[in-house]
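Every read-out reported here was derived from the displayed coordinates using simple, explicitly stated rules and does not represent laboratory data. What you are looking at is a predicted structure, and each value in this text was computed from that prediction instead of being measured. All Cβ positions, even for glycine, are placed from backbone atoms using ideal geometry, and neighbour counts span all protein chains on display.
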Protein chains: 2
Amino acid sequence: MPEPKHSPATYAVVMAGGAGTRFWPASRRARPKQLLPIAGDTPMLARTIARLEGLVPIERVLVVTSAELADGVAEAVPDLPRENLVVEPEGRNTAPCVALAAFEVHRRDPEAVQIVLPADHVIRPEDRFRSALAAAVDEARDTQRLVTLGIRPTHPATGYGYIRSGDERARRGDWSVRDVAAFVEKPDSARAAKFLESGDYLWNAGIFVWSTDAILSAIRAHAVDIYDALDGVTDPVDLARAYGALEGRAIDVAVMERATNVSVVPVDFAWNDVGSWPSLAEVVEPDASGNHESGGAQVVARDAEGCIVHGDAGTLVALVGVRDLVVVKSGDAVLVCPRDRAEEVKAIVARLEVEAPDQL
Amino acid sequence: MPEPKHSPATYAVVMAGGAGTRFWPASRRARPKQLLPIAGDTPMLARTIARLEGLVPIERVLVVTSAELADGVAEAVPDLPRENLVVEPEGRNTAPCVALAAFEVHRRDPEAVQIVLPADHVIRPEDRFRSALAAAVDEARDTQRLVTLGIRPTHPATGYGYIRSGDERARRGDWSVRDVAAFVEKPDSARAAKFLESGDYLWNAGIFVWSTDAILSAIRAHAVDIYDALDGVTDPVDLARAYGALEGRAIDVAVMERATNVSVVPVDFAWNDVGSWPSLAEVVEPDASGNHESGGAQVVARDAEGCIVHGDAGTLVALVGVRDLVVVKSGDAVLVCPRDRAEEVKAIVARLEVEAPDQL
């Protein structure tokens, strides 16, 4: 009978440095989407960490964020140990972020397996998510491969990258672990329809599981500039200099698409990256009046429906005779916009850079 | 050569007790329309008093309001002597209010001429208004008649009562003073069109000028219950009892329609009683984007026009791709409603009585 294998600890690396503008005016520079209760009663980051309960204790959750957001993160997740905040000197997309976190985990436990995930997604049901992650953790630990979760598409989305899955490598519990045949850029709608039909294509949700050794080896192999820049650097000034000099790129492009040891666990739970105001309609059930409320506002609707309403807790939003609007009240700012034009919020934000920078 | 006549002092009585709901959520119970900067940068009451500059000094301006609004009035008009607040025990429409003020003016100066006017109208240009009032004051003083200003209609409005003017009695400066042939209830649109065409009909703006003796005599003659209830009553408890027992009615109905000594000064300046959100489009010029802003909010519009936007000073309201909406941000409440459905705000307010009374 073999000795029971030593089981390495599991860490979580939550990427929470984003500063998106698409949820303005709820999201501001100092309080982006992941720190807001966009879809539910708690900040998305807090929900993301709570979703790992039983899998990763809070002591082994690292949150990578910017210096500007550090206080907001601490406020959103009060029980997160302060030393578990990993501060990125500046934003350089996900590849440097993953490397920075991997070196930090390595310093804490070189044998650790890491779950790397964005701070601002909605995933349900959460027990299915944990079950899939547990399978991925087993796979990453036993095979030293880079493992990713791939979401089975429910519609021909053109806003996501896709993963084409290959042969099954293993079954772990309920889950099939498969080779990754290819990472595929965001498709046009014709290709997206084909992807959906084929059954082999999965949405790339940016959720990864790997051992610390495996990811550091892969970064050294495929993005050696990042590896060399960050290897052994802990002094903040040195780190800022090294980080600032890096070319920003996504971990998918820098590493995953180049690596040959990538596995995918196809999953079928509900996943949404809540990319803009209209996507709230997908993750927030309509209330009795047929409007989608987020953020804690009280909505009083009279012959109004299909609206997406986000307001600070304690806010009252009264809608009369309107359809399919996005209505946001956050602090001293209000946004009113048809759902199908919400992408133009970016243009408003661009104007505010000049006209009202204190409202960003 | 005759002795120069002693010229009695002119008082102003500003009726500021209203608690309308049509400007919710900007107007609240403790802060109704007249205390708000609905059309301009200053509260409408303050503008109403400032509009009398040179005609009535602030020491002779009485403001009739409710106990609930007394602090708000003092805040809106900080230089108003506190003893010039006349507190109505409760709202009983304008006839008891006029009587209450008339007795108060009589105690201060029995020979005074009074200008009685609502606190919440927009009138431009203000020098023409003062000129017409001065003519009315002369007429009231010299003839002891009840004088009212009648606004020459600019469109066949169905929301106002009308005054049919009769023969000219006198000319005073630029102004003709005419007999009142009749007070006429709000017409339907066909009658309103005829009124406009005839040239004899004027809008009843509820602006009156009379000597204290003349109005008290008229009240005694035509509304003796009011006269008797308030005559000589100054003790607050007695006043509350007497006032509460009165049947509420308008001064037009109780006195003006019955009196036979009423004159009207037809005037042609711009007058607006700003009765609801849509009327702001008539008194607030559109900004460069084609939207009407009130209250001091910054409006950022992208392909949005015809909207009426009211927001607290310091508020930012961003509009994308919307047309002809009323958008109000006031405190913790937001209203979004098409301009042509703004009357339904009343229904929202009725629901809030039950669902969110603290938002009233």
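If you take the alpha carbon atoms of the protein assembly as shown and fit the smallest convex hull around them, that volume is 203 Å³ per residue. FRET efficiency for the pair A:E197 and A:D268, taken as 1/(1 + (r/R0)^6) with r the Cβ-Cβ distance and R0 = 25 Å, rounds to 0.90. Put simply, the Cα atoms of region A:277-359 extend 40, 27, 24 Å along their principal axes, the longest span coming first.
For region B:213-230, backbone nitrogen atoms closer than 11 Å to the point 7 Å from B:E83 Cα along Cα-to-C-beta are found at no residue.
Counting Cβ atoms of other protein chains within 10 Å of each residue's Cβ and taking the mean over peptide B:319-326 gives 5. Partners of A:K329 within straight-line reach, counting lysines whose Cα lies under 25 Å from its Cα and excluding those fewer than 8 residues away in the same chain: A:K33, A:K346, B:K33, B:K329, B:K346. Neighbour counting of Cβ atoms within 10 Å sorts the residues B:S330, A:S211, fewest neighbours leading, into B:S330, A:S211.
For the segment A:296-302, counting C-beta atoms of other chains within 10 Å of every residue's C-beta and taking the mean gives 4.
Fully extending the segment from A:A74 to A:R169, taken as 0.36 nm per residue of separation minus the present Cα-Cα distance, adds 30.2 nm. For chain B, the equivalent ellipsoid derived from the alpha-carbon gyration tensor has semi-axes of 35, 25, 19 Å in decreasing order.
Charge tally for A:D225 (other residues, Cβ to Cβ under 13 Å; Lys, Arg +1; Asp, Glu -1): 0. Which chymotrypsin sites (Phe, Trp or Tyr not before Pro) in region A:79-166 pass both tests, a DSSP loop state and at most 15 other beta-carbon atoms within 10 Å? Filter output for region A:79-166: empty list. Note on region A:1-71: with charges restricted to the Cβ of Lys and Arg (+1) and Asp and Glu (-1), its dipole about the Cα centre is near 360 debye. In this simple spin-label approximation, A:A313 and B:A356 carry label points 7 Å from Cα along the Cα→Cβ vector, and these lie 1.6 nm apart. Taking GluC sites (Glu not before Pro) across region A:149-242, the ones in a DSSP loop with at most 14 further Cβ atoms lying within 10 angstrom of their Cβ are A:E185. Note on the protein assembly as shown: antiparallel DSSP beta bridges, both residues inside, total approximately 45 percent of the bridges counted. Given their separation in residues at 0.36 nm each and the Cα-Cα distance between them, A:R107 and A:E53 gain 17.1 nm when the chain is fully extended.
List the lysines whose Cα sits under 20 Å from the Cα of B:K186, skipping any in the same chain fewer than 8 residues away. Partners within reach: B:K194. The residue list A:L45, A:N84, A:C97 was ranked by how far each Cα lies along the charge dipole of region A:10-272 toward its positive end, using unit charges on Cβ atoms, and A:L45 comes out on top.
Among the trypsin sites (Lys or Arg not before Pro) in region A:183-283, those located in a DSSP loop and surrounded by at most 14 other Cβ atoms within 10 Å of their own Cβ are A:R258.
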